[in-house]
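Have a look at the structure below before the remarks.
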Amino acid sequence: MKLVMIKYNAGNTRSLQYALRRLGVEPLITDDAEEILTADKIIFPGVGEASSAMKYLKSKQLDQVITQVKQPFLGICLGMQLMCTHSEENDTPCLGIFDEAVKLFKSNDSSIKIPQIGWNTIGDLKSNLFNGIAENSHCYFVHSYYAHIGEHTIATTDYCSPYSAALNRNNFYGVQFHPEKSAVVGEKIIENFINEDLICR
Amino acid sequence: MLTKRIIPCLDIKNGRTVKGTNFVDLRDAGDPVELAALYAAQGADELVFLDITATNEKRKTLAELVDRIAQRINIPFTVGGGISSVEDVRLLLDHGADKISINTSAFKNPNLIDQLAAEFGSQCVVLAIDTKQHDDGEWYVYLNGGRVATETRCLDWAIEGVKRGAGEILLTSMDHDGTKAGFAKEITGLVSAHVGVPIIASGGGGEPKHFAAILDGIADAALAASVFHFGEISIPDLKHYLDEQNIPMRLNY
């Protein structure tokens, strides 16, 4: 199993690397197009800001590499958001893999804190990625921007309003939460990504 | 639904966990990594590691410890103590910390908050504030682990910190810390009502009902140390109790 984690300027790669290692997989962390395109599975992590991340991806032509990928590909948090069409975060055009735009949470209720930080439930689970995961399991979220529910939604959650906790189109998967920080539920999701024969919808 | 968080705090000195009563009289409560793994397995929602002696001893980082923690545990954790620069933070985040907390250094150089938020995002910047109520009824900011008083009101500093980019406030009432008589509802509620980011209440949690009182409409998370370290409150029992009190909790882990 050659698992590549894409290296760019929106990291938090260490936790993910260790989470994979706990599952017996040593990821190759690289920004090399050849390595990415020959991987068995690819993870696109992300903690950071959308416009600087996109700028960096373009400077390395990783935007073109990512959209060419045919293998199972998993974006996490900002990684998932960058796979959408556009992000409201600094008005950033994104990769356009998922047909959803990314918006800033808005609430008239001042008790709703932004960013959302903490454990929220995931439901309406519709993918092999969630095999063995119970409806309304808790995952760890840290974010201020979100994607609406649409045709590519494979899991939903609710903060301010219902939104996409995970998206899937063909070989491309994205999760808004951090599986690498979501205790045993997250470990199972990463394990599914590694082991499941992820079928294109 | 977003749940409220229970956060054990591991105060670190010389690589071991310690917890003082009112910040003095330190006691030794074990290896931080072992304790962290135990708490994660018991359902702790997050962990905080604070090097309480860092400011005075000028210890720069806990990078090695952070790396060991990241290898072992699968829940988020925050690291604080002696952090005073963008480079300090980069090192800790690179070693696997999810968030960092800043306290005295941010007060002395508020620009640090702006720099960290711009460089790493607000989501990883926790502003820790130690506060104490004076005879005039106002709550004031204290520095250096509570040893140095300031004339700045806690609420004013919290509002400024969030404006500059802090993504969370970790608020410790020195009047309540170590007393096991309950969290500081008044100041925590005041800060929570005036800032738009999550508030972690700290200091005074001695019984499950104290956690219910502070999490019910006041704080987003509750932090405690010695009651967990010495087994006076078990995390699974606490979370089941809070669930029964209709506080949203993560119970399946």
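Backbone amide hydrogens, once placed in the peptide plane, bring B:L47 within less than 5 Å of B:F77, B:T78, excluding anything fewer than 5 places away on its chain.
For the listed residue pairs A:K55/A:K126; A:K103/B:K239; A:K106/A:K188; B:K4/B:K180, the alpha carbons are over 30 angstrom apart in A:K55/A:K126; A:K103/B:K239; A:K106/A:K188.
Beta bridges from DSSP with both residues in chain A: antiparallel share about 60 percent, rounded to the nearest 5. Here the mean projected area of the convex hull built on the C-alpha positions of the range A:54-201 is 8.6 nm². In order along the range A:66-72, phi translates into HN-Hα couplings of 4, 6, 7, 4, 10, 7, x Hz, rounded to whole numbers, per the Karplus curve 6.51 cos²θ - 1.76 cosθ + 1.60 with θ = phi - 60° and x for Gly and Pro. Backbone N atoms of the range A:1-39 closer than 11 Å to the 7 Å Cα→Cβ label point of A:Q68 belong to residues A:33-38. Charge tally for A:I149 (other residues, Cβ to Cβ under 13 Å; Lys, Arg +1; Asp, Glu -1): -3.
If you take every DSSP beta bridge whose two residues both sit in chain B, what share of them, in percent to the nearest 5, is antiparallel? The partial results should precede the final answer.
Values: 13 of 44 bridges.
Bridges in chain B that DSSP calls antiparallel: roughly 30 percent.
The 3J(HN,Hα) values that the Karplus relation (6.51, -1.76, 1.60; θ = phi - 60°) gives for the range A:83-94 are, in residue order, 7, 7, 7, 7, 10, 5, 5, 6, 6, 9, x, 10 Hz. Gly and Pro appear as x.
Distance between the C-alpha centres of the range A:175-193 and the range A:124-148: 9 Å, rounded to the whole angstrom. So what's the gap between the Cα centers of the range B:136-167 and the range B:234-253, to the nearest angstrom? So the two Cα centres are separated by 31 Å. Extents of the protein assembly as shown, largest first, come to 66, 44, 43 Å (Cα atoms, principal axes, whole angstrom).
Rounded, prolate or oblate: pick one for chain B, where a ≥ b ≥ c are the square roots of the eigenvalues of its C-alpha gyration tensor, a/c under 1.5 means rounded, and failing that, prolate if a/b is larger than b/c, else oblate.
Working: a/c = 1.33, a/b = 1.07, b/c = 1.23.
Rounded, because the longest to shortest axis ratio a/c is under 1.5.
With Cβ to Cβ distances under 12 Å as the rule, what net charge do the other residues near B:L93 carry (K, R +1; D, E -1)?
Working: positive: A:R14, B:R90, B:K99; negative: B:D67, B:E87, B:D88, B:D94, B:D98, B:E119.
Taking every other residue near B:L93 into account, the sum is -3.
A helix-only calculation puts chain A at -7000 deg cm²/dmol for mean residue ellipticity at 222 nm, using -39500 (n - 2.57) for each DSSP H run of at least four residues, averaged over all residues. The Cα atoms of the range B:99-182 give a gyration tensor whose axes a ≥ b ≥ c have a/c of 1.5 or more with a/b greater than b/c, which makes the shape prolate.
Near A:Q116: Cβ cut-off under 15 Å, other residues only, Lys/Arg at +1 and Asp/Glu at -1. The net charge is 0.
Note on A:D197 and A:N170: the extension gain reaches 8.5 nm, defined as 0.36 nm multiplied by sequence separation minus the Cα-Cα distance. Protection proxy ranking, highest mean first, for peptides B:239-250, B:223-234: B:223-234, B:239-250, where packing is the per-residue count of other beta-carbon atoms within 10 Å, averaged.
Considering only the range B:28-164, what is the antiparallel percent among its DSSP beta bridges, to the nearest 5?
On the way: 7 of 17 bridges.
DSSP beta bridges in the range B:28-164 are roughly 40 percent antiparallel.
All of the numbers you see were taken from the coordinates with simple rules; none came from a lab. What you see is a predicted model; the values in this text were computed from it and never measured. Here Cβ is always computed from backbone atoms with ideal geometry, including for glycine, and neighbour counts include all displayed protein chains.
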